[in-house]
Amino acid sequence: MINFKTTLLEKFQNFNAKIGIIGLGYVGLPLALEFAEAGYKVTGFDVDSDKVLKLTQGETYINHIPAKKIKEQVERQRFFATNDFSLLKEMDAIIICVPTPLNKYREPDISFIENSGKEISKYFKPGKLVVLESSTYPGTTEEVLKPFLDRPINEEINAELTCGKDYFLAFKSWKGRNPNNPDYTTKTIPKVIGGYTKDCLDVAKSLYDRVIVKTIPVSSTKVAEATKLLENIYRSVNIALVNELKMVFDRMGIDIWEVIEAAKTKPFGFQAFYPGPGLGGHCIPIDPFYLTWKAREYEITTKFIELAGEINTMQPYFVVQKISEALNDNNKTIKGSKILILGAAYKKNIDDLRESPSLKLIEILEDRGAIVDYSDPYIPVLPNTRKYQLNLKSVELTSENLQKYDAVVLSTDHDNFDYDLIYKSSNLIIDTRNAFKVKGLVNGKIYKA
Ligand SMILES: NC(=O)c1ccc[n+]([C@@H]2O[C@H](COP(=O)([O-])OP(=O)(O)OC[C@H]3O[C@@H](n4cnc5c(N)ncnc54)[C@H](O)[C@@H]3O)[C@@H](O)[C@H]2O)c1
C-alpha cells in the first residue's frame, strides 16, 4: 500500500513535485513565481483569460512584479498559466488563492472557495496536498473545503477519502511582501501553517519550508485562519482608534500627527498607527467581518470590529467635511468647485485600487456637485468596478493643470508626486496624510483632514 505522506515528502524534497496555484492575483502570482524560482514546476490556474494570456506571453499585470521575472520562469518552463482546470489532476500540491470578498449585505462570499473546491473535486485523487491561502473565517478549510475532497466528484474515485491519510489539507496565513517594505518578501515573511491533522501539517510545512525562510506551525487549520484575522483586526481597530482621535484633536486644534510622533518616542508599550482618509485594500476593510459573521453562530457580537468598521467607514465623510470647510474659508462651496484627488490607489507606491477610499471620496464629492478629477502615476485610467463606474483618466500634474482646481486633495501619498510643484501651484490643499508637513512644506493654504 502506498504511503502518500512519504511519497509527497520525497517529491517535495527532490523538487519533482508539481505545484498548482489557483488564483493568480496579488497573492497567487508572487507565490507561484517563488515556487518556480525554488525549482518546482508550477501551473497557475485562473478563470481570467486575459491574465492567463498575459502570463503566457511573459507579461505582468501587477506593478511590483516585473515582467522579466515572469518571462524567465515561463521560458525555463517552470511556470505555466492556464484556465484548463483538468490539469489539476496532475498536481501534487494545490494551493488556493482566490478572492474572499463580502457580498452586498457585508457577509462572507465564499463562493470562490466553493468553486475552487468543486474544480479540485472533479479531478481529485489520493496522494495530494491542498492548502487554502484565501483569508476567511475560522472553520472554512474544514467545513467548506474538506467535504469536496472527502468525496471527490471525480468518477474514477468511487470512495470516501480520509483527510490526513489519503490526502492532506492545510491553511497557510500571511501573504508575501508589502510593496512598501522592501525588507520583507514572500520568501522572508514567516508563514503560519495549520494542518487538519499532524500529518497534514508535516506535509504542508515540508513544502513551504523549501521556499520560505520560516514557517510557524500551529495546532489546527482553525488556529491558522484565526491568526490571519487577529492580525487584520488588530490593525483595523488601531487605525480606527487614531482616526477617532484625529477627529477629536482636530476639534481641539491639536495636530494628531505631532501627537503620534511624540508618543512614538516611548521605547515600549506603544506602536504607532496613522490616521487616513479611510481603509483600503483587500484585507483590513473586509476580513474582520468574516469573523463578525461567524461569531453570530456562537451568539457573540464582535463590538470592537463593528465599532472600528464604523469609525473607519466614516473617514471619507470627515475628509469631505474638511474640504467643505477649507473651500468655505475661500468663499467657495463643494457644489461647482473643481477638485483634484491626488492618488487613487489605497496606499502609496502601488497600483491597487481595491476598496480605495479615494474612490469613495470621488463619489461623495461628485454627489455633492463638485467636478472631480484624479491624478495617479500608477493608475492611468479608473477601471469600472462592481461598486464604482467613475469613467476618469489620470490628469497630468503640471503647474497649469494644478492651478485649474479650486482644491487639491492628497489622498494617497505616493513618493513620486512632485510635492514642491503641487505646493507651489495649487490654490488650496487638503492633506489626509501629513505628507506636506513631513517635507517641510507648510503654509496657510494647506488644511489637514
Ligand atoms: N493568507 C494570507 O495571509 C493572505 C494575505 C493577503 C490576502 N489573502 C487572501 O488571498 C486571497 C486572494 O487575494 P488576492 O489579493 O490575490 O486577490 P486577487 O483578486 O488579486 O486575485 C484573485 C485571483 O483569483 C482569480 N479567481 C477568481 N475565481 C477563481 C476561480 N474559481 N478559479 C481560479 N481563479 C479564480 C481571479 O481572476 C484573480 O486573478 C484573498 O482571500 C485574500 O484575502 C490572504
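Among all the lysines, which ones have a C-alpha under 16 Å from LYS424's C-alpha, if same-chain residues fewer than 8 places away are not counted?
LYS404, LYS437, LYS439, LYS445
Compute, for the chain, the length of the dipole vector about the Cα centre, with Cβ point charges of +1 (Lys, Arg) and -1 (Asp, Glu) only. Units Debye, rounded to 20.
Details: 59 positive and 58 negative charges, 109 e Å.
Computed charge dipole of the chain: roughly 520 debye.
Any idea how far apart VAL213 and SER86 come out in nm if each label point goes 7 Å out from Cα toward Cβ?
Placing both labels 7 Å along Cα→Cβ, they lie 4.4 nm apart.
Where does segment 26-163 land on Rg/Rh, using Cα atoms and the Kirkwood Rh? Don't jump to the answer; show the numbers that get you there.
Values: Rg = 15.7 Å, Rh = 16.0 Å.
Here Rg/Rh amounts to 0.98.
Assuming R0 = 22 Å, can you tell me the calculated FRET efficiency for the pair LYS122 and ASP50, based on Cβ-Cβ distance, to the nearest 0.05? Don't skip to the end; give the middle numbers.
Numbers: r = 24 Å, r/R0 = 1.09.
Taking R0 as 22 Å, the efficiency between LYS122 and ASP50 is 0.35.
Which pairs, out of LYS51/LYS198; LYS18/LYS360; LYS294/LYS393; LYS303/LYS347, put more than 31 Å between their alpha-carbon atoms?
Working: LYS51/LYS198 36 Å; LYS18/LYS360 43 Å; LYS294/LYS393 40 Å; LYS303/LYS347 27 Å.
Pairs exceeding 31 Å: LYS51/LYS198; LYS18/LYS360; LYS294/LYS393.
Tilt of helix 357-367 relative to the longest C-alpha principal axis of the chain, in degrees (0 to 90, nearest 10)?
The angle comes out at about 50 degrees.
Compute the long axis of helix 28-38 from its Cα atoms, compare it with the longest principal axis of the Cα atoms of the chain, and write down the angle in degrees, 0 to 90, nearest 10.
It is inclined by approximately 60 degrees.
Sorted by average packing, counted as other Cβ atoms within 10 angstrom per residue and highest first, what order do 346-359, 55-68, 306-319 take?
Values: 346-359: 21.4, 55-68: 15.1, 306-319: 19.3.
Put in order of decreasing packing, that is 346-359, 306-319, 55-68.
Name the residues whose placed amide hydrogens come within less than 5 Å of the amide hydrogen of VAL409, ignoring near sequence neighbours (fewer than 5 apart) on the same chain.
Residues meeting the amide H criterion: LEU340, ILE341, LEU342, ILE430.
Once the other residues with Cβ under 11 Å from the Cβ of LEU161 are scored (Lys, Arg +1; Asp, Glu -1), what is the net sum? It would help to have the intermediate numbers written out before the result.
Values: positive: LYS125, LYS128, LYS146, ARG151, LYS165; negative: ASP150, GLU160, ASP166.
Here the charged neighbours net out to +2.
Could you tell me the calculated FRET efficiency between ASN158 and ALA262, based on Cβ-Cβ distance and R0 = 56 angstrom, to the nearest 0.05?
On the way: r = 69 Å, r/R0 = 1.23.
According to the calculation, E is roughly 0.25.
For MET252 and GLN403, compute 0.36 nm times the residue count separating them, minus their Cα-Cα distance, and round to one decimal in nm. Show your work: numbers first, answer last.
Working: separation 151, 0.36 × 151 = 54.36 nm, distance 3.18 nm.
Extra length available between MET252 and GLN403 comes to 51.2 nm.
Contour minus end-to-end for GLN77 and GLU396, with contour as 0.36 nm per residue of separation and end-to-end as the Cα-Cα distance?
The span from GLN77 to GLU396 would gain 110.8 nm if fully extended.
With r as the distance between the Cβ atoms of ILE300 and VAL442 and R0 = 51 Å, compute the FRET efficiency 1/(1 + (r/R0)^6) and round to 0.05.
Details: r = 47 Å, r/R0 = 0.92.
Between VAL442 and ILE300 the formula returns 0.60.
May I ask you to evaluate 6.51 cos²θ - 1.76 cosθ + 1.60, the Karplus curve with θ = phi - 60°, for each residue of segment 302-307 and list the ³J(HN,Hα) values in order in whole Hz, giving x for glycine and proline?
Each residue of segment 302-307 in turn: 8, 5, 4, 5, 5, 5 Hz.
Restricting to DSSP loop positions (anything but H, G, I, E, B) with no more than 14 other Cβ atoms inside 10 Å of their own Cβ, which chymotrypsin sites (Phe, Trp or Tyr not before Pro) remain in segment 1-40?
Values: sites: PHE4, PHE12, PHE15, TYR26, PHE35, TYR40; in loops: PHE15, TYR26, TYR40.
The qualifying sites are PHE15.
Under a crude label model (7 Å from the Cα following the beta-carbon direction), how far is GLU114 from ASN330 in nanometres?
Inter-label distance under the simple model: 5.1 nm.
When a/c reaches 1.5 or more, the comparison of a/b and b/c decides; with that in mind, is segment 285-345 rounded, prolate or oblate per its Cα gyration tensor? Please report the intermediate quantities before stating the final value.
On the way: a/c = 5.24, a/b = 2.98, b/c = 1.76.
Prolate, because a/c is 1.5 or more and a/b exceeds b/c.
Mind listing P(r) for the chain? All alpha-carbon pairs, 20 Å bins, whole percents.
23, 50, 24, 3, 0
Read the figures in this text as sums done on the coordinates, not as results from a lab. Since we're looking at a predicted model, the values are computed, not measured. Virtual Cβ from ideal backbone geometry, glycine too; neighbours counted across all protein chains shown.
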